[in-house]
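**Student:** Shown below is the structure under consideration.
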Amino acid sequence: MPRLTFHLIPNAHLDPVWLWDWREGLNEGIITVRTILDLMDEHKDLTFIRGEAAIYQHIERHDPKTFRRIARHVKSGRWDVVGGTMIQPDTNLPMTETFSRHFARAQNYFISRFGKPARVAWAADSFGHSAGLPEILADAGIHGFAFTRPAMPANKPAFWWEGPGGSRVMGYHPAVAWYGCEREEMISRLDQNLAAAGNYDINNVGVFLGLGNHGGGPTRRHLQEIAQWARAHPQVRVIYSGLHKLFEALSKEVKANGDDFLPTHRGEMNFVLRGCYSAVAKYKFIYRKAEALLSSAERTDAIISAATKSQPADLGEAWDGLLFNSFHDILPGSSIERAFDEQIEWMGGVIHRGQEAEVAALNRLAMQVDTRVPAGKGDNPSAVALLVWNPHPQEFRGHVELEASLDYRPIWAYRGRDNEVPLEVRRPGGKPLPFQVVRTEHSAMTELPWRKRVVVPVVLPPLGWSVVSMQYKQGAAPPAVKSPATARDGAIDNGIYRVTAAAGGKGIRIARRGKDVLGKVGLTAITVEDPWGSWGGMAEEPESLDLSHLRHEWKVSEVQTLETGPQRATLWVRLTGGNSRLDLSFALYRGRDAVDVFARVFWDERSARLKLVMPVGDRAEFDVPGATVTRPPAGEVPGGRWVRVKGKGSTFGFASDALYNFDCRDGAFRATVVRASRYANDVKTAPSEEPWRPAVDSGELKFRFLLTPGNAQLPALARQLEEPPAALHVPSKPGPLKATGSFASLAPSTMKLLSLKPAENGQGLILRLQETSGKSTTPQLNWLGRKLDLGSIEAFKIATWRLMAGSFGWKVDRSDTIER
């Protein structure tokens, strides 16, 4: 019997969006599948693999006859449903729960249509893989992971890939070539695999074949040449197979040879095509917003629905939109301009649906809460009631901005004296709150007092609410406060931080407790040359990995003090470089150990990228999907919601609601804001070349970031930056619930809440957590007035529970896979 078995893996990689739009891409799914099915009718031993539930759904909806043909081949074993995801996502940039939701949505679909889930994940073309992916895969019930980028991390095509919590899956990277092949190379592909097989002792070899990128698959010539080669090589068993059969055979080999038969790889499998970590920022920014808002809105809706015994919102379509748009040529920024215009529009719809669900849930809550506020004297208006909601399972202590109209018409008595309008803000129970009046969002009719915007310190219970009132009231004044935030020309201070800038300077100095955080120069910005296309260096050219050739060192051109305290002091700084400018509004809140920054960049460059430079150290810990990873200087690298930089004797924390790409070098941490490549471009392009071809991201972009010590509070601050408290104007009325309260809480804070959502099958709610401290922990969940026993979670593991309401209260069951 031959020692070697070649498992032929016919496939047709299809990018549903890339050099074409989603309509063409999904319809090509129909065209390709029909062609493959016809070929399978001719060749009774031909097999085929297909992942991506979104493509199956499109076929089922628009060509049900073809879908039924697929189902018959799935049942016969010739058609292998793989992947387990809605689409093949980027595997570095989405949040952890986005991956989990891919598997929840897709696997339930596969089970409903084909009677079984996929157990082998398939990342044909994704650009590197997060260190935490094994934890996510294991929680989803995935046993194997096949991929083709980057190169093998081990000396065998098969290996164990282990996550930070010890979860592991079997990885497989073809020893030869990529996921597909050209029309004429089948014989050489088989010859190369035979030669490579002599370098390792694995008997089962995956041989991937088929035209790909825009569909395709195996051709008649491929099948003829395979038969020809097999006859000439009787020492090799050549079979048409699939990913599940390949991994089953490899598992048998491991069982026969011992667990250490395969090498083990721990950590990430990166980096590759690094331009994708920052290409098309305008899409990345809106995707990140949609991801955070949808997660927060769903959690808010789920807990309020449980508490009020109401039907939760159906956010499935919104999630499917988000998941589709995490595809590895959309989120990484490597598609055409027309496609991105449409994907941005799609993301707008996802955001709106999340907003709809959130406001509906908060209104249901408001109807149950005692929202009574002070009435006005005589014919004067009553106070405005605002329901302020904390979407996190830990207490929120900080500031919120609230804006309301004080009456239905301007307050004519104070015409031209807007600064003198007496205002009162009250917390639940009626006690006045300190506040600071700040600019409204409009600049119309400024001489007519009407709307007011205030910054207010609040304490919000976990997954809970407080009713705050705002009222025009004669004789009212905010209570005095200790240690106010203060400002003077070119400087702001809150007793912890001091931020200073001067026109003509190079940067913005930031000191914490009298010590410069970012050296004497401070936070600066630079433009560096970046002639590389969407993917960066296609061959990982060394000069594409470390982009440091300066085009512009930015300078401070204008400085203005916008707010002087006592709750918040704000310094507006404009930096300019080349044809572009960057407006940074630095805010220091009273008592807050962080510097909050709102950024607005006006970008007009070509073949370049903008970096923020922070000289704090060049070794950093990055939040990545499912894990954290510490890296030395390594060129351009992907990061997540926060970064902890290790400097001399201290740590520095950075978090943003938009940025994904960073590098460390020469003692500095640098964050890429935007890059001016060309759409779907893979060649070096000088700034002056093809001036008629648009440079990506010309125009305005907005984002937020914060600077803080790199302590244990950094992850929580990053979550609050992306998912801040929500405030809603509500009617004043009595209700059975108190003016402040909490529905649920989770401790300790190192227990990360990934999702709280309705179950896919409608049976109860799904709670998903990840342990992040690195030690086995017993989470403490208070749920609607009861403590629920969740048991313990091992270090860095992801765990899922189902919460069910019964006649005797809520009960909880541990799920051994992502969802049942």
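**Student:** If you line up the long axis of helix 220-232 against the longest principal axis of the chain, both from Cα atoms, how many degrees apart are they, to the nearest 10?
**Tutor:** So the inclination is approximately 50 degrees.
**Student:** Moving on. Taking 0.36 nm per residue of separation and subtracting the Cα-Cα distance, what length does fully extending residue 199 through residue 420 add?
**Tutor:** That works out to 71.3 nm of additional length.
**Student:** Considering Cα pairs under 8 angstrom that are at least six residues apart, work out the relative contact order of the stretch 370-418 and quote it in whole percent.
**Tutor:** 27 percent
**Student:** With N set to the residue count of the stretch 490-587, report its C-alpha Rg divided by 2.2 N^0.38 Å to two decimal places.
**Tutor:** This ratio for the stretch 490-587 stands at 1.34.
**Student:** So which lysines pass the test for residue 65, namely a Cα distance under 26 Å, with those fewer than 8 places away in the same chain ruled out?
**Tutor:** 44, 75, 116
**Student:** Continuing with the same structure: Of 332, 294, 11, whose Cα points farthest to the positive end of the dipole of the chain (charges on the beta-carbon: +1 Lys, Arg; -1 Asp, Glu; origin at the Cα centre)?
**Tutor:** 294
**Student:** What order, most packed first, do the peptides 437-447, 539-549 have when packing is the mean number of other Cβ atoms within 10 Å of each residue?
**Tutor:** 539-549, 437-447
**Student:** Give me a comma-separated list of calculated 3J(HN,Hα) values for the stretch 152-163, in order, Karplus coefficients 6.51, -1.76, 1.60 applied at θ = phi - 60°, integers in Hz, x for any Gly or Pro.
**Tutor:** Once θ is set to phi - 60°, the couplings for the stretch 152-163 become 4, x, 10, 8, 10, x, 9, 6, 8, 10, 10, x Hz.
**Student:** A further question follows. What share of Cα pairs, in percent, lie more than 45 angstrom apart in the chain?
**Tutor:** Cα-Cα pairs in the chain separated by more than 45 Å: 30 percent.
**Student:** Return the long-range amide H neighbours of residue 815 (sequence gap of 5 or more, or a different chain), with a cut-off of under 5 Å between placed amide H atoms.
**Tutor:** 800, 801, 802
**Student:** Provide the net charge surrounding residue 83, with neighbours chosen by a C-beta distance below 13 Å and charges set as Lys +1, Arg +1, Asp -1, Glu -1.
**Tutor:** Cβ neighbours under 13 Å give a net charge of 0.
**Student:** Quick one: angle between helix 64-76 and the longest Cα principal axis of the chain, in degrees between 0 and 90, rounded to 10, please.
**Tutor:** Taking the Cα atoms of the chain, the angle to 64-76 is about 60 degrees.
**Student:** Highest mean first, what order results for 768-774, 224-230 on Cβ atoms within 10 Å?
**Tutor:** Highest-to-lowest ranking by the protection proxy: 768-774, 224-230.
**Student:** Also, I was wondering about something else. Once you place label points 7 Å from the Cα toward the Cβ at residue 114 and residue 598, how far apart are they in nm?
**Tutor:** 4.9 nm
**Student:** Skipping prolines and chain starts, which residues have an amide H placed within reach, meaning under 5 Å, of the one on residue 563, given they are 5 or more residues away or on another chain?
**Tutor:** For residue 563, whose amide H was placed from the backbone, the distant partners under 5 Å are 570.
**Student:** Further question: Provide the packing ranking of 614-627, 733-746, 122-135, i.e. peptides ordered by the mean count of other C-beta atoms within 10 Å per residue, highest first.
**Tutor:** Averaged packing, sorted descending, gives the order 122-135, 614-627, 733-746.
**Student:** Follow-up. Once label points are set 7 Å from the Cα along Cα→Cβ at both residue 231 and residue 804, what is their separation, rounded to one decimal in nm?
**Tutor:** Taking the simple label geometry, residue 231 and residue 804 are separated by 6.0 nm.
**Student:** Might you report the magnitude of the Cβ-based charge dipole of the stretch 627-746 about its Cα centre, with Lys and Arg at +1 and Asp and Glu at -1, to the nearest 20 debye?
**Tutor:** 480 debye
**Student:** What is the set of long-range amide H partners of residue 634 at a cut-off below 5 Å, with H atoms built 1.01 Å from backbone N?
**Tutor:** Excluding prolines and chain starts, which carry no amide H, the hits are 664.
**Student:** Below 9 angstrom from the Cβ of residue 404, what's the summed charge of the other residues (Lys, Arg +1; Asp, Glu -1)?
**Tutor:** Local charge sum for residue 404: +2.
**Student:** Mind checking which lysines have their Cα closer than 19 Å to the Cα of residue 648? Skip sequence neighbours fewer than 8 apart in that chain.
**Tutor:** 515, 520
**Student:** Grab the beta carbon distance between residue 516 and residue 619, set R0 = 25 Å, and tell me the FRET efficiency rounded to 0.05.
**Tutor:** Calculated transfer efficiency: 0.80.
**Student:** Now, a different point. Consider all pairwise Cα distances in the stretch 96-200 and report the whole-number % of them above 19 Å.
**Tutor:** So the pairs more than 19 Å apart make up 51 percent of the total in the stretch 96-200.
**Student:** Provide the gained length on full extension for the span residue 558 to residue 213, in nm with one decimal, where the gain is 0.36 nm per separating residue minus the Cα-Cα distance.
**Tutor:** Taking residue 558 through residue 213 to full extension adds about 119.3 nm, to one decimal.
**Student:** Rounded to the nearest angstrom and ordered from largest down, what semi-axes does the equivalent ellipsoid of the stretch 424-502 get from its C-alpha gyration tensor (root of 5λ)?
**Tutor:** That gives 25, 21, 13 Å for the three semi-axes.
**Student:** Could you grab the relative contact order for the chain? Cα pairs under 8 Å, six or more apart, rounded to a whole percent.
**Tutor:** Relative contact order here is 13 percent.
**Student:** What angle, in degrees between 0 and 90 and rounded to the nearest 10, separates the Cα long axis of helix 186-197 from the longest principal axis of the Cα atoms of the chain?
**Tutor:** Between the helix axis and the principal axis of the chain, the angle is about 80 degrees.
**Student:** For the stretch 82-131, what is the largest minus smallest coordinate of the Cα atoms on each principal axis, given in angstrom and ordered from greatest to least?
**Tutor:** 31, 21, 16
**Student:** Using Cα pairs under 8 angstrom and six or more residues apart, how large is the relative contact order of the stretch 425-546, in percent? Provide the component values of the computation, followed by the final result.
**Tutor:** Working: 136 pairs, mean separation 18.1, N = 122.
Averaging sequence separation for qualifying contacts and normalising by length gives 15 percent for the stretch 425-546.
**Student:** Tell me, how many Å apart are the Cα centres for the stretch 537-606 and for the stretch 170-224?
**Tutor:** 48 Å
**Student:** Could you list the square roots of 5 times each eigenvalue of the Cα gyration tensor of the stretch 662-784, that is, the equivalent ellipsoid semi-axes, sorted largest first and rounded to whole Å?
**Tutor:** The three semi-axes for the stretch 662-784 are 42, 23, 18 Å.
**Student:** Karplus couplings for the stretch 383-398 from phi (6.51 cos²θ - 1.76 cosθ + 1.60, θ = phi - 60°), rounded to Hz, Gly and Pro as x?
**Tutor:** Running phi through 6.51 cos²θ - 1.76 cosθ + 1.60 with θ = phi - 60° gives 5, 8, 9, 10, 8, 10, 10, 9, x, 10, x, 10, 4, 9, 10, x Hz.
**Student:** Going 7 Å from the Cα of residue 154 in the Cα-to-Cβ direction, what parts of the stretch 216-246 have a backbone nitrogen less than 19 Å from that spot?
**Tutor:** Those under the cut-off are 243-246.
**Student:** If you don't mind, another one. Using the Karplus curve 6.51 cos²θ - 1.76 cosθ + 1.60 with θ = phi - 60°, work out ³J(HN,Hα) for each residue of the stretch 13-27 in order, rounded to whole Hz, and write x for Gly and Pro.
**Tutor:** Per residue, the Karplus-derived 3J(HN,Hα) values read 4, 10, 7, x, 9, 6, 8, 8, 8, 5, 5, 5, x, 5, 5 Hz.
**Student:** How much length, in nm to one decimal, is gained on full extension between residue 220 and residue 191, taken as 0.36 nm per residue of separation minus their Cα-Cα distance?
**Tutor:** 8.5 nm is the gain from fully extending residue 220 to residue 191.
**Student:** Let me ask you something else. Charges on Cβ only, +1 for Lys and Arg, -1 for Asp and Glu, centred on the Cα centroid of the chain; of 117, 214, 556, which one is farthest towards the dipole's positive end?
**Tutor:** 556
**Student:** Quick one: if you stick a label point 7 Å off each Cα along the C-beta vector at residue 540 and residue 489, how many nm between them?
**Tutor:** Placing both labels 7 Å along Cα→Cβ, they lie 5.5 nm apart.
Every read-out reported here was derived from the displayed coordinates using simple, explicitly stated rules and does not represent laboratory data. All values derive from a computational prediction rather than experimental measurement. Backbone-built Cβ (ideal geometry, glycine too); neighbour counts: all protein chains shown.
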